[in-house]
């Protein structure tokens, strides 16, 4: 499993790489999915916050999530949770409950024999 990780204003250390790759692996194992494409971007902002963006491509579509926090590993955790929710939605989209139109009640009238009524 190869995750393409880019860093802006920050060096990607082995610890950061391991944490991000672990989160993608956890997504695959937990959801029993085959993630085709994996990309993550880590940015350190001037205000001291870290922004983590990630994209995952599966057979049914593509999902993306981003998170921004002062704690880098907290941002990675938040990004993982967002990706997990989106993948769950995408995976179960076909099973979603859809509104159906209610059937109008059918009122049956008793049969009337026209010949008998005519004779009377």
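Just so it is clear, none of the values below were taken in a lab; they were calculated from the coordinates. Nothing here was measured: the structure is a model prediction, and the numbers come from that model. Cβ atoms come from the backbone with ideal geometry, glycine included; neighbour counts cover every protein chain shown.
Highest mobility in the GNM of the chain, judged by mean-square fluctuation with C-alpha springs under 10 Å and restricted to 77, 17, 97, is found for 97.
With neighbour counts taken as other beta-carbon atoms within 10 Å, the residues 76, 35, 107 rank, fewest first, as 107, 35, 76. Taking the DSSP bridge list for region 4-93 and keeping only pairs wholly inside it, about 75 percent are antiparallel.
Quick one: divide the alpha-carbon radius of gyration of the chain by 2.2 N^0.38 Å and tell me what you get.
It is 2.06.
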